[in-house]
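The values are calculated or read from the model by the stated rules, or taken from the named source; none is laboratory data. Just so we're clear, the structure is a prediction, and the values are computed from it rather than from any experiment. A quick note on method: Cβ atoms are made from the backbone with ideal geometry, for glycine too, and the neighbour counts reach across all protein chains shown.
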Amino acid sequence: MRKNIVAGNWKMNTLPKEGVELANGVAEGRKEVCDCVEIIVCPPYTHIAQVIEAVEGKNVKVGAQDCATEVKGAYTGEVSAEMIAALGCEYVILGHSERRQYYGETSETLNKKMARAFEFGLKPIYCVGENLEEREAGRHFEVCKQQIEEVVFNLTEEQFANTVIAYEPVWAIGTGKTATAGQAEEIHAYIREVLRSKFGAKAEECSILYGGSCKPSNAQEIFSKPNVDGGLIGGAALKAEDFLAIGKAF
């Protein structure tokens, strides 16, 4: 059985006090969401420790939004996987479209980050997805396949078993265009087929999350699709009520 997962990516939002309040809201409402759904929150680095403390014993996991390619050393401004793990994080988001677009992250970069994550016991939420130009050119399958083959295919079976994939239709984020539940299922099914070509039956156990403007109003329809195992939530994760409502969509 695959895990149903709802993960909140807070991005560069919330100050420490606000983050703790949001985490408390999620923790308090967690009991209203089925235990069959894993709830993850990913705050900014500055208050990961406080958020972990706020959700302790509340069945809420915590992740980071990124990690460095290196373990330690003269890398000003970087935060290592070891540092994140030492705080108590279980997950780390890697390869998010914003990291690829704004900071030039490549498969070479992400192979190093994945290795660091596993080295220190973190579970990666590895993001793939095509932009508007690639979608309109009909290259969406090709782009997702390449992003998986160049990174995920380098994992051992054991590492793959501890990896979550998140599909982001970058073309549907902030463009006014909307991905339908059918489009989400189509690409999720394709991603699973690509994974199956390398990992066989193990691909059936991999959770694939939808990361395209998922909200309470459309979550149930999207999550009802057989190859969609949850969501990587952006804006709606900044309100506990909305985030929990998405969790209840299962």
* To do: Select, from ALA23, ALA7, the only residue that is on the phi < 0 side of the Ramachandran plot, surrounded by 15 or more Cβ atoms within 10 Å (Cβ to Cβ) and assigned to a strand (DSSP E or B).
  => ALA7
* How many residues does the range 223-250 contain that are aliphatic (A, V, I, L, M), within 16 Å of the chain's Cα centre (by Cα) and under 20 Å from LYS3 (Cα atoms)? -> 5
* **Tally, over the range 59-78, of residues that are buried (at least 16 other Cβ atoms within 10 Å of the Cβ) and not polar (S, T, N, Q)** => 8
* May I ask you to list pairs of residues, at least six apart or on different chains, whose Cβ atoms are under 7 Å apart, with the first in the range 5-24 being more than 15 Å from VAL60 (Cβ to Cβ) and the second being hydroxyl-bearing (Ser, Thr, Tyr)? => PRO16/THR46
* Qualifying position, being touching a residue at least 40 places away in the same chain (Cβ under 8 Å), over 15 Å from LEU195 (Cβ atoms), crowded, with 18+ Cβ neighbours inside 10 Å and of a type in the set (A, V, I, L, M, F, W, C), among ALA85, ALA81 -> ALA81
* Asked: If a residue has to be part of a loop (DSSP other than H, G, I, E, B), in contact with a Ser or Thr (Cβ under 7 Å, 6 or more places away or on another chain) and either within 18 Å of VAL92 (Cβ to Cβ) or at pLDDT below 95 (or both) to count, how many in the range 130-173 make the cut?
  -> 4
* Structure fact -> Filter the range 191-221 for residues that are under 15 Å from VAL37 (Cα atoms) and of a type in the set (A, V, I, L, M, F, W, C); the one that is nearest to the chain's Cα centre (by Cα) is LEU209
* Might you let me know whether the range 28-45 holds any residue that is within 24 Å of TYR126 (Cβ to Cβ), in contact (Cβ under 8 Å) with a residue 12 or more places away in the chain and out of contact with any strand residue (DSSP E or B) (no Cβ under 8 Å at 6 or more places or on another chain)? => yes
* What are the residues in the range 223-239 that are in a helix (DSSP H, G or I) and out of contact with any strand residue (DSSP E or B) (no Cβ under 6 Å at 6 or more places or on another chain), if any? -> PHE223, GLY235, ALA236, LEU238
* Structure fact -> Checking GLU136, GLU186 in turn, the sole residue that is of a type in the set (Asp, Glu) and in contact with a helix residue (DSSP H, G or I) (Cβ under 8 Å, 6 or more places away or on another chain) turns out to be GLU136
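Quick grid of which residues meet (1) hydrophobic (A, V, I, L, M, F, W, C); (2) in a strand (DSSP E or B); (3) touching a Phe, Trp or Tyr at 6+ places or on another chain (Cβ under 8 Å); (4) at pLDDT 95 or above:
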site	(1), (2), (3), (4)
TYR190	no, no, yes, yes
VAL194	yes, no, no, yes
CYS214	yes, no, no, no
GLU221	no, no, no, yes
